[in-house]
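What follows is a single structure, written as structure tokens, with notes after it.
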Amino acid sequence: MKARNYREIKGQPYVRKEFIKGHPPPKITKFTMGDPTKDFSYRVSLIAERAAQVRHVALEAGRIAANRLLTKKLGKDFLLKVLPYPHVVLRENKMIFGAHADRLQDGMRAAFGKPIGTAARVKVNQPVMIVEVDEKGIDVAKEALRRSRAKMPMPCRIVIEKINGKLGG
């Protein structure tokens, strides 16, 4: 199954992990990188322009792309946060096609599906990632989020804002 099949938000989220046998853990494990103790003066945000489900592998790929550039150019002088958590368990009713496939599948009988991954539901104008930097790191943060935006399944925009001191969150 292709990842684009899971972009659309359809129906109730399937999140009750206590009822799901063998639910897959999300691939993304680290949500905060850089220096969380320092006060930065600018926040560069990656904002979703359309509601979508973002698979855990897309969040991890975006995090790696952004973190690699930020670490290379700024060292530890930044704070990168991935905000949505992939709670929704995705299911797939696996079908095998080809010669003698009719002996291995049941079609739509008992088609509930097996867990194959997790996803985060993102709303319109919700931030997906934020990078906090000082003034000298704004261009690097923009480029990092531009690279991360390429990994996301929905269109995103990059917003730069000045912040005063440390904000909660």
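No lab work stands behind these numbers, since they all come straight from the coordinates. Everything numeric in this text was worked out from a predicted model, so none of it was measured. Here the Cβ is made from the backbone with ideal geometry for all residues, glycine too, and neighbour counts use every protein chain on show.
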Above-threshold pairs, the threshold being 24 Å between Cα atoms, out of LYS38/LYS142; LYS27/LYS162; LYS73/LYS162; LYS76/LYS123; LYS76/LYS162; LYS76/LYS142
LYS27/LYS162; LYS76/LYS123
Given the -39500 (n - 2.57) contribution per DSSP H run of 4+ residues, what per-residue ellipticity at 222 nm results for the chain, rounded to the nearest 500 deg cm²/dmol?
-6000 deg cm²/dmol
Relative contact order computed over the chain (Cα-Cα under 8 Å; 6+ residues apart), in percent:
40
Among the trypsin sites (Lys or Arg not before Pro) in the range 1-65, which ones are in a DSSP loop with at most 12 other Cβ atoms within 10 Å of the Cβ? Mind listing them?
LYS2, LYS10, ARG16, LYS21, LYS30
For LYS17 and PHE31, calculate 0.36 nm times their separation in residues minus their Cα-Cα distance, and state this gained length in nm to one decimal.
3.0 nm
Within the chain, which is the longest segment that contains none of the chymotrypsin sites (Phe, Trp or Tyr not before Pro) sitting in a DSSP loop with at most 16 other Cβ atoms within 10 Å?
32-96
Selection from VAL82, PRO155, PRO36 lying farthest towards where the dipole of the range 3-162 points positive, charges on Cβ
PRO155
Modelled label reach - LYS72, point 7 Å along Cα→Cβ, the range 144-158 residues with backbone N closer than 19 Å
144-152
